[in-house]
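Chemist: Let me begin by handing over the structure; questions about it come next.
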Amino acid sequence: MAEAMRKAFVTGHPIKHSRSPMIHGHWLAEHGVDGSYQAIDVAPRDFAEFLASMQANGYRGGNVTIPHKEAAFAGVARRDHAADEIGAVNTLWLEEGTLWGGNTDGHGFAANLDDYAPGWASRGPAVVLGAGGASRAVIHALKTRGLKDIRIVNRTLARAIELRDRFGAGVSAHEVAATAELLGDAGLLVNTTALGMQGNEGLPADPTLLPDHAVVNDIVYVPLETPLLAAARARGLKPVDGLGMLLNQAVPGFERWFGVRPKVTAELRAIIVADLVRKP
Ligand code: ATR
């Protein structure tokens, strides 16, 4: 009997704007894999049942996005180290019948900087704007890459302090009013807040206060060039947009479900950029 078609999914609520089916669909075609990758809208109250029936429904695994990342963290049998550190799961897979949850967001973040700003991890202190779920993935990646001075700035200071306590040595928490001072000797500025997203136009920090060698990364990718990245470019700093994080976080899941490690190519990026232009 031929092996059954390999099936994977992305689940969220809503899910119709997800670019993941386009990314994985591209790789399935590129590698000639007999597989599918489907977007499935699951309401929060149905998520536990969805997880429980995943294997019976023939899925090898899938991606989990907003608002299910914490429920997935709680609902899996085993977790990888990154998921434990971040406190959220974005990738599910089965291993000999056991449901595993991992988190590849930190990998996606670091791989994107590797692609566009090689040497980024040794340029000096990092300033991270925001203290939500995305910020946890970024801080995990920064610690994994050996950064020793990570400065979290958040509108709600208490949330930054929570993350400082969670991640420990080398991580500090600051009020927005301290940002200018923190940027003066920073080698990396990362925006994880919603400021600068389409419909929320604003500058989360002033990149002209950074030193000349600093890298500026926005994890937002709609629009592709946020006001922060535009200001960084105008200042002559290296801007890195957020699309590469999305593309790179998809790599480990595809490899687990379909058995091939795919590449993030200029061709794939161009396909997603064209879609972002059509449907921002
Ligand atoms: P995510 O999972 O994308 O990180 P989140 O957990 O909702 O989303 O976190 C959103 C982050 O953006 C938070 O740091 C939030 O600041 P607060 O903790 O003070 O709420 C930040 N944020 C959202 N809108 C903002 C705004 N208008 N100005 C400043 N920070 C904002």
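The rows are residues; the columns are (1) of a type in the set (A, V, I, L, M); (2) touching a Cys at 6+ places or on another chain (Cβ under 6 Å); (3) open to solvent by less than 10 Å² (accessible area, probe 1.4 Å); (4) in contact (Cβ under 8 Å) with a residue 40 or more places away in the chain.
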position: 36; (1), (2), (3), (4): no, no, no, no
position: 51; (1), (2), (3), (4): yes, no, no, yes
position: 80; (1), (2), (3), (4): no, no, no, no
position: 100; (1), (2), (3), (4): no, no, no, no
position: 112; (1), (2), (3), (4): no, no, yes, yes
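Chemist: So which residues in the stretch 137-146 are surrounded by 22 or more Cβ atoms within 10 Å (Cβ to Cβ) and either touching a strand residue (DSSP E or B) at 6+ places or on another chain (Cβ under 9 Å) or assigned to a loop (DSSP other than H, G, I, E, B) (or both)? It would help to see each step written out before you state the result.
Modeler: Residues of the stretch 137-146 surrounded by 22 or more Cβ atoms within 10 Å (Cβ to Cβ): 137-142.
Within the stretch 137-146, 138, 139, 142 qualify.
Chemist: Can you name every residue in the stretch 236-255 that is in contact with an Asp or Glu (Cβ under 9 Å, 6 or more places away or on another chain) and open to solvent by 40 Å² or more (accessible area, probe 1.4 Å)?
Modeler: Once the filter is applied, which keeps residues that are in contact with an Asp or Glu (Cβ under 9 Å, 6 or more places away or on another chain) and open to solvent by 40 Å² or more (accessible area, probe 1.4 Å), the stretch 236-255 yields only 236.
Chemist: Within the stretch 209-263, considering only helices (runs of 4 or more DSSP H) that don't extend past its boundaries, which have at least 2 residues that are modelled with pLDDT of 95 or more and under 17 Å from the mean Cα position of the chain (by Cα)? Before you say what the answer is, go through the steps one by one.
Modeler: Working: elements: 227-234, 243-249, 251-258.
Hits in the stretch 209-263: 243-249, 251-258.
Chemist: Please specify each residue of the stretch 268-280 satisfying the condition of being open to solvent by 30 Å² or more (accessible area, probe 1.4 Å), of a type outside the set (A, V, I, L, M, F, W, C) and touching a residue at least 60 places away in the same chain (Cβ under 8 Å). Let's see the steps before the verdict.
Modeler: In the first step, residues of the stretch 268-280 are kept if they are open to solvent by 30 Å² or more (accessible area, probe 1.4 Å); the result is 269-271, 273-274, 277-280.
If we keep only those that are of a type outside the set (A, V, I, L, M, F, W, C) as well, we get 269, 278-280.
279, 280, listed by residue number.
Chemist: In addition: Conditions first: (1) under 19 Å from the mean Cα position of the chain (by Cα); (2) assigned to a helix (DSSP H, G or I); (3) within 15 Å of the ligand (Cβ to nearest atom). Residue 128 passes all but one, so which condition is the exception?
Modeler: With (1) under 19 Å from the mean Cα position of the chain (by Cα); (2) assigned to a helix (DSSP H, G or I); (3) within 15 Å of the ligand (Cβ to nearest atom) applied to residue 128, the lone miss is (2).
Chemist: Return yes when residue 111 is more than 28 Å from residue 4 (Cα to Cα) and of a type outside the set (Lys, Arg) and no when it is not.
Modeler: In short, yes.
Chemist: Does residue 243 count as in contact (Cβ under 8 Å) with a residue 24 or more places away in the chain and more than 12 Å from residue 216 (Cα to Cα)?
Modeler: yes
Every residue, every condition in (1) more than 16 Å from the ligand (Cβ to nearest atom); (2) assigned by TED's automatic domain parsing to the domain that holds residue 159; (3) open to solvent by less than 30 Å² (accessible area, probe 1.4 Å); (4) out of contact with any Lys or Arg (no Cβ under 7 Å at 6 or more places or on another chain), yes or no:
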{"residue": "184", "(1), (2), (3), (4)": "yes, yes, no, yes"}
{"residue": "200", "(1), (2), (3), (4)": "no, yes, no, yes"}
{"residue": "203", "(1), (2), (3), (4)": "no, yes, no, yes"}
{"residue": "208", "(1), (2), (3), (4)": "yes, yes, no, no"}
{"residue": "213", "(1), (2), (3), (4)": "yes, yes, no, no"}
{"residue": "230", "(1), (2), (3), (4)": "yes, yes, no, yes"}
{"residue": "257", "(1), (2), (3), (4)": "yes, no, yes, no"}
{"residue": "260", "(1), (2), (3), (4)": "yes, no, no, yes"}
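Chemist: Another question, then. Condition first: more than 21 Å from residue 168 (Cβ to Cβ) and touching a strand residue (DSSP E or B) at 6+ places or on another chain (Cβ under 6 Å). Now tell me which residues in the stretch 69-93 satisfy that.
Modeler: 72, 76, 77, 78, 89, 90, 91, 92, 93
Chemist: In this structure, is residue 152 assigned to a strand (DSSP E or B) and assigned by TED's automatic domain parsing to the domain that holds residue 216? Reasoning before the result, please.
Modeler: Details: assigned to a strand (DSSP E or B): yes; assigned by TED's automatic domain parsing to the domain that holds residue 216: yes.
Judged against the criteria, residue 152 is a match.
Chemist: Given 153, 176, 171, 127, which one is free of Cβ contacts under 8 Å to residues at least 60 places away in the same chain, farther than 17 Å from residue 248 by Cα and open to solvent by less than 10 Å² (accessible area, probe 1.4 Å)? Walk me through it before giving the result.
Modeler: Values: 176 fails: open to solvent by less than 10 Å² (accessible area, probe 1.4 Å); 171 fails: open to solvent by less than 10 Å² (accessible area, probe 1.4 Å); 127 fails: free of Cβ contacts under 8 Å to residues at least 60 places away in the same chain.
Result of the check over 153, 176, 171, 127: 153.
Chemist: Out of the residues in the stretch 75-105 meeting the condition of being under 15 Å from residue 62 (Cβ atoms) and among the β-branched types (Val, Ile, Thr), tell me which one is farthest from the chain's Cα centre (by Cα).
Modeler: Among those residues, the one meeting the criterion is 76.
Chemist: What about residue 91, is it within 26 Å of residue 159 (Cβ to Cβ), of a type in the set (Ser, Thr, Tyr) and buried (at least 24 other Cβ atoms within 10 Å of the Cβ)? Walk me through it before giving the result.
Modeler: Values: within 26 Å of residue 159 (Cβ to Cβ): yes; of a type in the set (Ser, Thr, Tyr): yes; buried (at least 24 other Cβ atoms within 10 Å of the Cβ): yes.
Considered against the rule, which asks whether it is within 26 Å of residue 159 (Cβ to Cβ), of a type in the set (Ser, Thr, Tyr) and buried (at least 24 other Cβ atoms within 10 Å of the Cβ), residue 91 comes out as yes.
The values are calculated or read from the model by the stated rules, or taken from the named source; none is laboratory data. Worth saying up front: this structure is predicted, and the values here are computed from it rather than measured. For neighbour counting, all protein chains shown are included, and Cβ atoms are generated from backbone atoms with ideal geometry for every residue, glycine included. What goes into the accessible areas is simple: the full protein's heavy atoms, side chains included, and nothing from ligands, DNA or RNA. Shrake-Rupley method; radii C 1.70, N 1.55, O 1.52, S 1.80 Å.
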